[in-house]
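S.K.: Dropping the structure in here first, questions after.
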Amino acid sequence: MLGVYLPMATLLLVALLFGGMFLFSVAFAAFLFRHLPQQDARMLIRKAFPPFYLFVIISSGLIMALSWRSDPFSTALMAFVMFTAVAARQLLMPAINHATDMALRKRFLWLHGLSVVLTLIHIFLSGMILVHLVQ
């Protein structure tokens, strides 16, 4: 019985992770900066990123738990996503906030660029898993 539901649950969870990361990264931040004063948008983004990374960490961990016995490919990719999301939440985001607070423009741009690239990698990897699961 689990043989039918486990792959479907994994697929749905990967789709949720992919869609959630894509929507947050592309639409949410752009919407805030378009419709709020810049300072308000920055404060809201700063408050939104820790829960966003928690969503990525929990989702990727659940995907790993669901797929570890039957799909080592998805498990390995989700392990990378989970561990790098932990590092981003615990190390990168505080460093970005510190660079912003200290007006260290070059450092902020470099760290922010790193976080963008990391998020794009996370989205790409979850997209790869989606394609892998539906084939």
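The values are calculated or read from the model by the stated rules, or taken from the named source; none is laboratory data. What you are looking at is a predicted structure, and each value in this text was computed from that prediction instead of being measured. Because the Cβ atoms are built from the backbone with ideal geometry, glycine has one as well, and the counts that use them run over all protein chains shown.
S.K.: Hey, among V134, V56, which residue is crowded, with 18+ Cβ neighbours inside 10 Å, in contact (Cβ under 8 Å) with a residue 60 or more places away in the chain and either farther than 14 Å from L17 by Cα or under 11 Å from the mean Cα position of the chain (by Cα) (or both)?
M.R.: V56
S.K.: Would you check if A30 is within 22 Å of R89 (Cβ to Cβ), among the small types (G, A, S) and without any contact (Cβ under 8 Å) to a residue 12 or more places away in the chain? Lay out the reasoning, then the answer.
M.R.: On the way: within 22 Å of R89 (Cβ to Cβ): yes; among the small types (G, A, S): yes; without any contact (Cβ under 8 Å) to a residue 12 or more places away in the chain: yes.
Spelling it out, A30 is indeed within 22 Å of R89 (Cβ to Cβ), among the small types (G, A, S) and without any contact (Cβ under 8 Å) to a residue 12 or more places away in the chain.
S.K.: Right, next: Restricting to region 1-55, count the residues that are among the charged types (D, E, K, R) and either touching a His at 6+ places or on another chain (Cβ under 7 Å) or within 16 Å of I96 (Cβ to Cβ) (or both). Talk me through it step by step, then tell me what you get.
M.R.: So the first thing to find is which residues in region 1-55 are among the charged types (D, E, K, R), and the list is 34, 40, 42, 46-47.
Still in the list and also either touching a His at 6+ places or on another chain (Cβ under 7 Å) or within 16 Å of I96 (Cβ to Cβ) (or both): 42, 46-47.
Summing the residues that are among the charged types (D, E, K, R) and either touching a His at 6+ places or on another chain (Cβ under 7 Å) or within 16 Å of I96 (Cβ to Cβ) (or both) in region 1-55 gives 3.
S.K.: Okay, next question. So is S25 touching a helix residue (DSSP H, G or I) at 6+ places or on another chain (Cβ under 6 Å), of a type outside the set (F, W, Y), at pLDDT below 95 and surrounded by 12 or more Cβ atoms within 10 Å (Cβ to Cβ) or not?
M.R.: yes
S.K.: Still on this structure, please answer the following. Mind checking which helices (runs of 4 or more DSSP H) fall wholly inside region 5-107 and carry at least 2 residues that are over 25 Å from L125 (Cα atoms)?
M.R.: Per the criteria, 29-35, 38-67, 93-101.
S.K.: Does any residue of region 67-81 turn out to be closer than 19 Å to V26 by Cβ and out of contact with any Pro (no Cβ under 9 Å at 6 or more places or on another chain)? Give the derivation first.
M.R.: We begin by selecting, within region 67-81, every residue closer than 19 Å to V26 by Cβ; these are 81.
Pick out the ones that are also out of contact with any Pro (no Cβ under 9 Å at 6 or more places or on another chain) and you get 81.
Within region 67-81, one or more residues are closer than 19 Å to V26 by Cβ and out of contact with any Pro (no Cβ under 9 Å at 6 or more places or on another chain).
S.K.: Going through P7, P72, P50 one at a time, which residue ends up being modelled with pLDDT of 95 or more and more than 14 Å from the chain's Cα centre (by Cα)?
M.R.: P72
S.K.: Please work out which residue is modelled with the highest pLDDT, limiting yourself to region 98-111 and to residues that are surrounded by fewer than 18 Cβ atoms within 10 Å (Cβ to Cβ) and in contact with a helix residue (DSSP H, G or I) (Cβ under 6 Å, 6 or more places away or on another chain).
M.R.: Filtering first and then ranking leaves R107.
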